[in-house]
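The values are calculated or read from the model by the stated rules, or taken from the named source; none is laboratory data. Computed from a predicted structure; not experimentally measured. With ideal geometry, Cβ positions are generated from the backbone for all residues, glycine too; neighbour counts draw on all protein chains shown.
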Amino acid sequence: MKILRLSIVASVVALASCDAGLPSENATNDFIPSGFAAPLSAEEYDSLSSTQKYQVASKAAAAVYKGIPVEDFFDLSAGLANPTLSSTASTYLQTFRSSINNELDNATVAQIQETLLGLDENGNPDPDLQKYNFSNDGKPKEEPYALIAEYPASRTSFIAAISLFLSNTIMFTCAEEMESTNPNDCQKTYSFLVEQITNRVGIRQIIRSYMPSIMNWRIGRSGQNVGVEGLEEFLGLFDRAEDADRVGIACQDVILLPEDQNYELSSTSFPNTEPQVILQEDTNGDGIGDSGGFFITRCDDFYNVVSGHPLLLPRVCEVVVNYMMAARSTDDRLAMCESLVNSGMNTFEDLFKGIIFSREYLMNTERVKGFDEFLLPTLQALQWDSRTNSGSIDERVWRNMASDVNNPLYMGDMAWHTMTLKIGRVPEVPTDALSFANFHKAARENVLMNTGAYRGRRRDVNGQDVYLPGLFFMSDEVLDPTLDGDDTEDDAVKPDIAAMSPADFIHYLFLTVLQRQATAEELNGLLVDPGSPILVNNHLDQDADGNDIIRNFRQDDVASIVFDYISRLAETYYVKAVN
Amino acid sequence: MKRRAFLKTMSASGTAIFVPSSLTLQSLVNTAHAAPVNYDAANVDLNQLTAQFPTLERLPQVINIFLYGGPSELSGNLSVIGDIAAASQSSYENAIPGITRLQNDNNGLITPRAFWSGAGGDVMEFLVENNYMSVYRTMFKRIIDTRSHRQSIFQNQKGSTDTDVTPGIGTRMAVVMDRFRAAFDGHPLLDHPDPGIGNNRLLSELILPFVSFEGDTTFFQTDPDAVVPVGLRFNTLDNDFDNPYLRDNDGNGTELEALANLVQSPAAQARFQRVTDAFTSRANLENRIQALSDASNQTLPTVTEVADQADDVDGANVLQYPNTGFADRLRAAVTLAVENPDSLFITVSGSNGLGGWDDHNNGADRYPDRMQNLFEALRAAVKHIKYSGTQTAGVTQTPGMLARRTDNIMINVIGDFGRRCNLNGSIGWDHGNCQNLFTLGGEAMRPAGALGKVVGTTQRVGTVGTNNQVQDPTSTSYDFEPMALASTIYSGVGITNPEVLTADPDMDPGGQGPIDQTVPNDQPLLF
């Protein structure tokens, strides 16, 4: 490749900020942007109220599909109106960032794989032993969710999450909806991203490797269209028809075979020999390129131009920021990308960490959540266990949401398909009446009001009687070891929950899903108003001192009412600003 | 220099090294966006509409089918296929045997009107022959000749070359109707055939006037400079009229909803506006969908005219749609239009997802079947409309038991763009420009002679043996911009100067007027 003009290349790598900010314990290897993307500092985090700290921590974790149970963050015995942090909460953000900088050890990964694959005593997969049930065709779309849910916070889980995110963008979608693609392309694209990012390969090199792949060609299909889409997706250059034609000529020897030859990628023995000029600038505004540009003769030259182009990193950043900061102004999104690129962003880990830990994201960004972004963190905060086998969030939860068109969790009905659409997910979560009605219905009826899935209960798991602890209940044998060995493990209310006043219990539920306490108006409506379903259904009692308490073992009934209420609040469906 | 050209120059300049070009452009356009749609310059006169079209009983209803990805125009235009095939890089006859021969010549595929038999062409012949449809072969972008999906979809669905931060066609309609509501309130064109709903209605009383069967869509892209009242905002429905708007296990609903409404202050509603609006739509639709669902479960009409009793009726001549996903969507859209006369603008995706017609490959095998399925569904749709309306002899009511004329229901079919006519190495077609408009039904809102013809003539242009060969309008042919279709739709609701809604201050200050539906047939019968 001969580069005609290099004048637009001005390599600026900003120095990392002297204030490394809160998150990094390993600043030499960690990406700390400055300017608009600067991380929330330790001082800023320390200055927040306890509840705000929980909001910030939960927001960071949710960005990679993780949730934080209230009892992990607060000392429940101190009440929740003005909560006291648990011993680890004051440094949660630091700890979280440290976690996602460190990979899981092989033994842990192997153990999780064993859980997912359901290996028997001989090491062979046994579907009956699998923790989750996957569909045959949809497995590539379902397994990433299972992995993200099972991996503890770590670099491993972080890379799984951002690879899934990228697989849902126009840049790396496997476009399963297209005739020329198949589910295996989804698996290959996702695995490619995980492997490359894990090996710390830079964004430019990843895109250079991806462009000639069969996954990309099955979407582009012709040389001309690989040109069109390469310029649009990776450089943000639209309306470059003449350039795309020249790419088509340079790629004339690369051919995607037709359906009856399984859409294999092939080539001829007649490559182009005449250099083509692309990406010339139109200096006089007449619509015709007249200055600079790049010579390309073969398809590889085009890949090199794109992956080495100055617009590549800003465009990649733009695609991701358009999702993560969807409701922010264009100027703000622009400032975020300028800041990240000028700070030397090089890898996808840099990009996502730069956004997620930035002050602007954590404190000031507010946008609608995608359903998966709601579901996974909420399930974790609810202390859900799929083996409770309750409704749609049972062992089939991931296939229900990713693949099963007849299930109420199916994200396609929310216009939030995973690894399906040729253009990837649209940046702003769809809130048209139908899409949102499906989101609301799934969240309300299949998750929040499905208390059996997270209350804590005894279940038969693979032929064994197991007590699965949850949000309210635990095994009585844990509380009273003298019961160990009796025939059954029965429900006992967790001591901290049992000791809560009704108001604190309501706060507990609000914090779990909304990351805020109930307001005085809400407490009045739920606990004082005579028409409140909690009172009408007689869920309150009084202790020996005459204080109101939640009637024993009615915690799940109260939760069903409170979560029904919360599901009716618009804010439930938002990633919220903390400021 | 035009404003947009200037902005593009700026975005490509050296200052943009670390800035995504689209973001830079967007940023500049946002700043420069000082010319919002000039709604107030519109003029609305429903009386003029009824004077022009005396049989028009109520406001026109438009079903707009968009073929995402941009279909090849060849299914509806093989008029110069001989020249195209001779100049193509890949052999047409090898890929599609018979494509260059007339139907009466050894199993050729060219129909009398130069449609593609096997790619919907025989159905097109039926539809044109029986005055159900006209085909315009020269919908052509001259002002901005973009071949990008994104820009083309924006241009076609916003009805303007000004696509940056601008509203969709449905939004433009809604805003004008709201601003000129006095022209609509109480007008007989808003009368409803259901006596329980009745006459002398206000614009704000229309039920589901704007509906998408494709989820969120650019057709209803909002306008940052104009507010659409809740009653005129678009809603989304699914094929089966499923009712996810209905809450199950809602025994505590009254109390909890009251508390939620009490707690969510105007400030909170504004803060969470998008979801607040979605909740409002949910509540509005909760009970209305059931009636539509009931209507959709009724038996389809009986086809009584002999000429129509072919292929898509059962033994008792009851109409049947093909068993395809698209037919399900179209049936739902037609059911909505027929059973809810207030639905004025309905959008339907002509593919299962974006990109369905983007045939860079598979031109020979997948495209013809897909086009055939499309037209078989359209044939059922026009019969569904015809045999539901009292304008047809012997018909007294719709399947949902409304006594109404249905000849105000029009269907339009377009896509992103046409494609190149060169068959590429993957036996497909890359992006082009000139495309077909298929327009069906709506006799009561069209001038005489508007249906039953083929308009527009094309020629192959481009270097023989290269990929960049397309069909362009001939120098004497009638052609029109995509914005003309938007303008036609606007004129249907009584907007007498629709070009003001399609204007672009920089690229097209005068805007585009409606399609001239009086242009005569251009396609002589080939045999």
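For A:Asp432, are the conditions met, namely being more than 7 Å from every other protein chain (Cβ to nearest Cβ), out of contact with any Phe, Trp or Tyr (no Cβ under 6 Å at 6 or more places or on another chain) and among the charged types (D, E, K, R)?
No.
Checking the condition more than 13 Å from chain B (Cβ to nearest Cβ), in contact with a Phe, Trp or Tyr (Cβ under 9 Å, 6 or more places away or on another chain) and not in a helix (DSSP H, G or I), which residue from A:Asp460, A:Asp465, A:Asp404 passes?
A:Asp404
Does B:Ala226 satisfy being touching a Phe, Trp or Tyr at 6+ places or on another chain (Cβ under 7 Å) and surrounded by fewer than 18 Cβ atoms within 10 Å (Cβ to Cβ)?
In short, yes.
Looking only at the range B:462-491, count every residue that is of a type outside the set (Gly, Ala, Ser), more than 14 Å from chain A (Cβ to nearest Cβ) and either touching a strand residue (DSSP E or B) at 6+ places or on another chain (Cβ under 9 Å) or over 26 Å from B:Gly510 (Cβ atoms) (or both) and tell me the total.
The number of residues fulfilling the criteria is 14.
Which one of these is in contact with a Cys (Cβ under 7 Å, 6 or more places away or on another chain) and not acidic (Asp, Glu): A:Pro310, A:Pro314?
Within the list A:Pro310, A:Pro314, the selection yields A:Pro314.
Going through A:Ala250, A:Ala160 one at a time, which residue ends up being among the small types (Gly, Ala, Ser), without any contact (Cβ under 8 Å) to a residue 60 or more places away in the chain, buried (at least 20 other Cβ atoms within 10 Å of the Cβ) and more than 29 Å from A:Ile278 (Cα to Cα)?
A:Ala160
Given the criteria touching a residue at least 12 places away in the same chain (Cβ under 8 Å), surrounded by 22 or more Cβ atoms within 10 Å (Cβ to Cβ) and among the small types (Gly, Ala, Ser), does A:Ser222 qualify?
When the stated conditions are applied, A:Ser222 passes them.
Taking the options A:Asp105, A:Asp120, name whichever one is loosely packed, with under 13 Cβ neighbours inside 10 Å, under 21 Å from A:Arg155 (Cα atoms), without any contact (Cβ under 8 Å) to a residue 12 or more places away in the chain and out of contact with any Pro (no Cβ under 6 Å at 6 or more places or on another chain).
A:Asp105 is the lone residue from the list that is loosely packed, with under 13 Cβ neighbours inside 10 Å, under 21 Å from A:Arg155 (Cα atoms), without any contact (Cβ under 8 Å) to a residue 12 or more places away in the chain and out of contact with any Pro (no Cβ under 6 Å at 6 or more places or on another chain).
Can you give me the ranges of the helices (runs of 4 or more DSSP H) entirely in the range A:97-175 with at least 3 residues that are of a type outside the set (A, V, I, L, M) and closer than 29 Å to A:Phe234 by Cα?
Once the helices (runs of 4 or more DSSP H) in the range A:97-175 are filtered for at least 3 residues that are of a type outside the set (A, V, I, L, M) and closer than 29 Å to A:Phe234 by Cα, what remains is A:139-150, A:155-167.
Filtering the range B:198-224 down to residues that are among the β-branched types (Val, Ile, Thr) and assigned to a loop (DSSP other than H, G, I, E, B), which residue is farthest from B:Arg172 (Cα to Cα)?
Applying the filter and picking the extreme gives B:Ile207.
Would you check if there is a residue in the range B:102-113 being assigned to a loop (DSSP other than H, G, I, E, B), at positive phi, surrounded by fewer than 24 Cβ atoms within 10 Å (Cβ to Cβ) and touching a Leu at 6+ places or on another chain (Cβ under 7 Å)?
No, because not a single residue in the range B:102-113 is assigned to a loop (DSSP other than H, G, I, E, B), at positive phi, surrounded by fewer than 24 Cβ atoms within 10 Å (Cβ to Cβ) and touching a Leu at 6+ places or on another chain (Cβ under 7 Å).
Within the range A:229-287, considering only strands (runs of 3 or more DSSP E) that don't extend past its boundaries, which have at least 1 residues that are at the interface with chain B (Cβ under 9 Å from one of its Cβ atoms) and not charged (D, E, K, R)?
Result: A:254-256.
Here's the yes/no breakdown for (1) in contact with a Lys or Arg (Cβ under 8 Å, 6 or more places away or on another chain); (2) more than 10 Å from chain B (Cβ to nearest Cβ); (3) assigned to a helix (DSSP H, G or I); (4) not small (Gly, Ala, Ser):
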| residue | (1), (2), (3), (4) |
| --- | --- |
| A:Glu338 | no, no, yes, yes |
| A:Met345 | no, yes, no, yes |
| A:Asp350 | no, yes, yes, yes |
| A:Ile355 | no, yes, yes, yes |
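Looking only at the range B:174-228, count every residue that is at pLDDT 90 or above, under 18 Å from B:Ala42 (Cβ atoms) and acidic (Asp, Glu) and tell me the total.
So the count comes out to 3.
Any idea how many residues of the range A:213-228 are assigned to a loop (DSSP other than H, G, I, E, B), within 8 Å of another protein chain (Cβ to nearest Cβ) and among the polar types (S, T, N, Q)?
1
Can you list the strands (runs of 3 or more DSSP E) lying wholly within the range B:399-485 that have 3 or more residues being in the same structural domain as B:Gly196 (by TED's automatic domain parsing) and among the hydrophobic types (A, V, I, L, M, F, W, C)?
B:409-415, B:435-441
Among the residues of the range B:244-255, is any part of a loop (DSSP other than H, G, I, E, B) and within 27 Å of B:Ile65 (Cβ to Cβ)?
Checked against the condition, which is being part of a loop (DSSP other than H, G, I, E, B) and within 27 Å of B:Ile65 (Cβ to Cβ), the range B:244-255 yields at least one hit.
Only one of A:Val201, A:Val277 is more than 22 Å from the chain's Cα centre (by Cα) and modelled with pLDDT of 95 or more. Can you tell me which?
Going through A:Val201, A:Val277 in turn, just one is more than 22 Å from the chain's Cα centre (by Cα) and modelled with pLDDT of 95 or more: A:Val277.
Matching residues to (1) of a type outside the set (Lys, Arg); (2) out of contact with any strand residue (DSSP E or B) (no Cβ under 8 Å at 6 or more places or on another chain); (3) buried (at least 21 other Cβ atoms within 10 Å of the Cβ); (4) within 14 Å of another protein chain (Cβ to nearest Cβ):
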| residue | (1), (2), (3), (4) |
| --- | --- |
| B:Gln155 | yes, yes, yes, yes |
| B:Val165 | yes, yes, no, yes |
| B:Asp185 | yes, yes, no, no |
| B:Ser212 | yes, no, yes, yes |
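Examine the range A:126-136 for a residue that is hydrophobic (A, V, I, L, M, F, W, C) and within 14 Å of chain B (Cβ to nearest Cβ), and state whether such a residue exists.
no
I'd like the residue in the range A:543-579 that is of a type in the set (Gly, Ala, Ser) and under 20 Å from A:Pro430 (Cβ atoms) and, out of all such residues, is nearest to the other protein chains (Cβ to nearest Cβ).
So the residue we want is A:Ala570.
Suppose the filter is surrounded by fewer than 21 Cβ atoms within 10 Å (Cβ to Cβ) and either touching a helix residue (DSSP H, G or I) at 6+ places or on another chain (Cβ under 9 Å) or part of a loop (DSSP other than H, G, I, E, B) (or both); does B:Asp238 pass it?
yes
Does any residue of the range B:259-281 turn out to be touching a Gly at 6+ places or on another chain (Cβ under 9 Å) and in contact (Cβ under 8 Å) with a residue 24 or more places away in the chain?
Checked the range B:259-281: no residue is touching a Gly at 6+ places or on another chain (Cβ under 9 Å) and in contact (Cβ under 8 Å) with a residue 24 or more places away in the chain.
Between a residue in the range B:35-57 that is polar (S, T, N, Q) and any residue that is surrounded by fewer than 16 Cβ atoms within 10 Å (Cβ to Cβ) and not in a loop (DSSP other than H, G, I, E, B), which pairs come within a Cβ distance under 8 Å, given they are 6 or more apart or on different chains?
Within 8 Å, the pairs are B:Thr50/B:Pro188.
Is it the case that the range B:340-347 has a residue that's closer than 30 Å to A:Leu265 by Cβ and within 14 Å of chain A (Cβ to nearest Cβ)?
No, because not a single residue in the range B:340-347 is closer than 30 Å to A:Leu265 by Cβ and within 14 Å of chain A (Cβ to nearest Cβ).
Among the candidates B:Leu246, B:Leu256, B:Leu285, which residue alone is touching a residue at least 12 places away in the same chain (Cβ under 8 Å), at the interface with chain A (Cβ under 7 Å from one of its Cβ atoms) and not hydroxyl-bearing (Ser, Thr, Tyr)?
Among B:Leu246, B:Leu256, B:Leu285, only B:Leu285 is touching a residue at least 12 places away in the same chain (Cβ under 8 Å), at the interface with chain A (Cβ under 7 Å from one of its Cβ atoms) and not hydroxyl-bearing (Ser, Thr, Tyr).
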